[in-house]
Amino acid sequence: LFSGLTAMEKKLAEYKCNTNEAIQLKLVRFPEDLEDDNTTFNPEYSHQVFGDDEVAFGYKGLKILLYYIAGNLSTLFRIEYTSKVNEKFDCVEADDVESKIREIIPPGFCTNTDDFVSLLEKEVNFKPFGMLLHTYSIHNEEAGEDITYQIYKADMTCPGFREYHERLQTFLMWFIETASFIDVDDERWNYFLVFEKYNKDGATLFATVGYMTVYNYYVYPDKTRPRVSQMLILPPFQGEGHGAQLLETVHRYYMSSPTVLDITAEDPSENYVKLRDFVLVKLCQDLLCFSPVKLMQGFSQEMVTEAQQKLKINKQHTRRVYEILRLRATNMGDAEQSRSYRLDVKRRLIGPYKKKQRELAKMRRCLRPEEMTNQLNQIDLNLQREQLEESFQQLVSDYRRVLERLAQA
């Protein structure tokens with residue numbers, strides 16, 4: 001019996017597929033892209049659709065094809081596999097992969113290639129939604145030419161945008177770990193979209209590069225505080241500087257509005273924080289309050305006020321900008337300058353520790369004799385010093401990367 005079971009188990013184990021590998025995504029411009037493996041990319045995450053182990057059971061050689069037309073994102077969805085378990089023979093049922101995918105992609109997709117290719121011919125009619133905010137170009141080594149990109153601000157009143165957004169947001173599930181779909185009927189959402197201009201048979205077409213959603217929170221009595229909710233540059237375009245272009249454009253858009261207080265972000269990822277550091281430092285470096293002389297005098301209310309009024313940057317982010325710019329103005333080889341910088345940053349870092357320390361001390365006064373408390377505090381302080389030094393070193397290396405990128409910009 002046992003050997004039979006393991007044979008059965010072995011057989012069933014062959015019918016497990018990693019869904020991050022099985023899902024094949026494409027952004028299609030030309031019919032030949034369909035056959036070209038170089039245009040395929042895979043999700044980073046599929047746990048929201050297929051569970052924490054990111055596995056689909058019941059198939060061998062499973063391929064979940066999700067192909068999108070580059071501009072308006074019309075979708076081809078197909079499932080292929082070499083074999084599938086069978087309830088009659090194997091007494092187990094394969095996962096219903098199709099209905100899992102259907103839950104996140106909007107209806108109206110193609111299921112065969114011919115329909116998809118005929119939609120591709122109509123793509124020449126697709127134009128970006130909303131209002132053009134910014135045009136920029138990036139030199140592409142491969143193509144040996146400059147490629148032009150445009151950033152638009154759209155909303156749900158733009159004809160066709162609601163349906164387009166439904167297709168666009170499905171990418172969040174594959175590339176943002178904690179993604180969720182937003183309530184598009186709430187009018188306080190703003191949408192910012194990045195497109196690439198490309199040529200096809202002498203016509204100019206547009207391809208979707210990425211986007212950002214921003215929610216406008218109301219602040220009493222007559223202001224708003226835009227909060228960046230989701231931001232995604234699609235994988236084929238990552239690492240080219242589009243994120244920085246998008247974030248800076250969005251900042252500039254809100255900067256021109258007298259009712260905006262400052263701009264924040266919801267639960268930002270590490271990568272987003274690095275991107276924001278770069279963009280905000282780039283915007284702030286020419287403000288008078290950040291002159292080298294003033295940086296050396298320490299963080300000031302003047303910096304907070306000027307960054308908020310002119311650039312809509314909040315106090316917490318302004319403090320980071322100050323630390324990065326002060327690092328640039330500091331000669332870290334000079335013992336006095338470097339010590340002064342280290343103490344300044346550590347004083348900020350120690351804030352949360354001190355609060356915790358006070359809480360612990362309160363608890364211990366109730367629980368333990370005096371001598372023990374002192375000893376414990378001593379142990380804590382040594383650990384705390386190490387952690388503090390580690391945090392400081394990590395921060396300085398992050399800041400240096402921002403300054404390197406700034407020097408190249």
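The values are calculated or read from the model by the stated rules, or taken from the named source; none is laboratory data. Computed from a predicted model, the values in this text were never measured in an experiment. Methodologically, a virtual Cβ is constructed for each residue, glycine included, from the backbone with ideal geometry; neighbour enumeration extends over all protein chains shown. Calculation scope for accessible area: heavy atoms of the full protein, side chains included, ligands and nucleic acids excluded. Shrake-Rupley method; radii C 1.70, N 1.55, O 1.52, S 1.80 Å.
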*Select from the stretch 80-93 the residues that are open to solvent by 60 Å² or more (accessible area, probe 1.4 Å), farther than 24 Å from Val28 by Cβ and touching a Lys or Arg at 6+ places or on another chain (Cβ under 7 Å) and list them in ascending order.*
Thr82
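Could you check how many residues of the stretch 62-87 are without any contact (Cβ under 8 Å) to a residue 24 or more places away in the chain and closer than 13 Å to Lys16 by Cα?
Result for the stretch 62-87: 2.
In the list Leu403, Leu349, which residue meets the criterion of being within 17 Å of Val273 (Cβ to Cβ), at pLDDT below 95 and open to solvent by less than 90 Å² (accessible area, probe 1.4 Å)? So that I can check it myself, show each step before the final result.
Working: Leu403 fails: at pLDDT below 95.
One residue alone meets the criteria, Leu349.
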*Do the conditions hold for Asp33, that is, is it without any contact (Cβ under 8 Å) to a residue 24 or more places away in the chain, open to solvent by less than 50 Å² (accessible area, probe 1.4 Å) and not in a loop (DSSP other than H, G, I, E, B)?*
yes
*List, please: which pairs have Cβ atoms under 8 Å, are six or more places apart or on different chains, and start with a residue in the stretch 159-177 that is closer than 19 Å to Ile64 by Cβ and end with one that is polar (S, T, N, Q) and part of a helix (DSSP H, G or I)?*
Met173/Gln48
*Within the group Leu133, Leu205, which residue is closer than 18 Å to Val28 by Cα and either open to solvent by 20 Å² or more (accessible area, probe 1.4 Å) or in a strand (DSSP E or B) (or both)?*
Leu205
_Residues located in the stretch 191-202, provided they are open to solvent by 20 Å² or more (accessible area, probe 1.4 Å) and at pLDDT 95 or above_ = Lys197
_Enumeration of residues in the stretch 171-186 that are farther than 27 Å from Ile138 by Cα and either in a helix (DSSP H, G or I) or not polar (S, T, N, Q) (or both)_ = Met173, Glu177, Ala179, Phe181, Ile182, Asp183, Val184, Asp185, Asp186
*Give the residue that is surrounded by the fewest Cβ atoms within 10 Å (Cβ to Cβ), with candidates limited to residues of the stretch 215-229 that are charged (D, E, K, R) and touching a Leu at 6+ places or on another chain (Cβ under 7 Å).*
Lys223
*Mind checking which residues of the stretch 58-79 are in a strand (DSSP E or B) and open to solvent by 40 Å² or more (accessible area, probe 1.4 Å)?*
Lys60, Lys63, Arg78, Ile79
